[in-house]
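The values are calculated or read from the model by the stated rules, or taken from the named source; none is laboratory data. It should be emphasised that the depicted structure is a prediction, and the values quoted were computed from it without experimental measurement. When we count neighbours, we look across all protein chains shown, and the Cβ atoms used for this are built from the backbone with ideal geometry, even at glycine. The area values use the complete protein model at the heavy-atom level, side chains included, leaving out ligands, DNA and RNA. Shrake-Rupley method; radii C 1.70, N 1.55, O 1.52, S 1.80 Å.
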Amino acid sequence: MIENHQMEVNHHAPDVVMWRKNETEYCRQFFTAETWQRIRIHGGLKEWSEVVWFQLGVPRFAFITWLAIRNRLSTGERTGAWGQPQGCLFCGEPNETRDHLFFACPYTYTLWLEVVGTLLGRPPDPDWESTLELLTTHSYGRLEYLLVRLVFQTAIYIIWRERNDRKHLKKPKLPSQLARIVDKTVRNRITSTGYATKPRLRGLMQVWFLAHT
Ligand SMILES: [Zn+2]
């Protein structure tokens with residue numbers, strides 16, 4: 001039976017190694033990205049993925065936010081399990097957890113209140129899960145949603161950096177000083193988008209200012 005389906009063999013062409021590109025295609029070139037897609041385990045899309053990954057995001061802020069969402073930042077609670085108990089470096093609360101840092105801590109909540117302004121469309125909640133749920137199941141306008149994610153990620157990044165600076169005994173900053181850094185970082189990012197000339201982003205800076213007047 002199998003003799004009826006013999007492959008046509010070209011004896012003139014040399015044998016070559018081919019890389020599998022997808023289900024049906026093979027090619028001579030090796031592509032790291034395509035191979036990675038073929039061999040990695042594809043997980044379902046997380047409901048919070050839009051909160052972390054979006055076009056105007058800053059990769060290093062997104063990365064720290066991703067770690068925070070997965071509760072993988074090395075907070076005092078986590079390093080405590082290895083024998084290095086550590087409290088909150090902002091307020092002295094004995095157990096430094098992700099939920100405490102973002103934003104149940106009086107210091108970071110003061111900062112969050114100031115930098116998020118009225119962007120959330122409701123009074124900011126110090127509870128981590130509530131904040132994340134609000135950002136995940138949002139009903140924001142396009143520009144507001146860009147900014148709310150940007151300021152959320154920037155605040156997380158700057159808080160984490162200040163926390164690490166304090167750990168290394170650098171001079172502590174006041175919430176108002178940190179708020180100015182967050183504000184400037186967000187405005188620099190808005191400026192770098194060239195928003196004024198892009199129809200989809202026009203008004204981005206105005207929305208930011210309106211939320212902080
Ligand atoms: Zn604290």
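Relative contact order of the stretch 1-94, please, whole-number percent, based on alpha carbon pairs below 8 angstrom and at least 6 residues apart.
Here the relative contact order equals 10 percent.
Given a 1.4 angstrom probe, what's the average accessible area per residue across the stretch 49-210, in square angstrom?
Details: 8200 Å² over 162 residues.
I get 51 Å² per residue for the stretch 49-210.
Based on the Cβ-Cβ distance of TYR140 and ASN22, what FRET efficiency does E = 1/(1 + (r/R0)^6) give at R0 = 45 Å, to the nearest 0.05?
0.75
When the helix-only estimate is applied to the chain (DSSP H runs of n ≥ 4, each -39,500 (n - 2.57), divided by the residue count), what is the mean residue ellipticity at 222 nm, nearest 500 deg cm²/dmol?
Details: 9 runs with 99 residues, N = 213.
About -14000 deg cm²/dmol.
Counting alpha carbon pairs within less than 8 Å and at least 6 residues apart, what relative contact order, in whole percent, applies to the chain?
17 percent
Name the trypsin sites (Lys or Arg not before Pro) in the stretch 19-81 that are in a loop by DSSP and that have at most 14 other C-beta atoms within 10 Å, would you?
Working: sites: ARG20, LYS21, ARG28, ARG38, ARG40, LYS46, ARG60, ARG70, ARG72, ARG78; in loops: LYS21, ARG28, ARG40, LYS46, ARG70, ARG72.
Those satisfying the criteria are ARG28, ARG40, LYS46, ARG70, ARG72.
Using a ≥ b ≥ c from the Cα gyration tensor of the stretch 115-196 (square roots of the eigenvalues), is it rounded, prolate or oblate, where a/c under 1.5 gives rounded and otherwise the larger of a/b and b/c decides, a/b for prolate?
Verdict is oblate for the stretch 115-196.
Would you mind working out the magnitude of the charge dipole of the stretch 49-210 relative to its Cα centre, with +1 at each Lys and Arg C-beta and -1 at each Asp and Glu C-beta, to the nearest 20 Debye?
Taking the Cα centre of the stretch 49-210 as origin, the dipole is about 840 debye.
Filter the chymotrypsin sites (Phe, Trp or Tyr not before Pro) in the stretch 47-150 down to the DSSP loop ones having no more than 15 other Cβ atoms within 10 Å, then list what survives.
TRP53, PHE54, TRP82
Counting only protein heavy atoms and using a 1.4 Å probe, what share of the accessible area of the chain belongs to carbon plus sulfur, as a whole percent?
It is 55 percent, rounded to a whole number.
Roughly how many Å is it from the Cα centre of the stretch 62-80 to that of the stretch 139-213, as a whole number?
20 Å
Calculate the tail of P(r) for the stretch 49-210: the fraction of all Cα-Cα distances greater than 25 Å, expressed in %. Walk me through the numbers before you get to the answer.
Details: 3719 of 13041 pairs.
Counting pairs separated by more than 25 Å, the tail of P(r) holds 29 percent.
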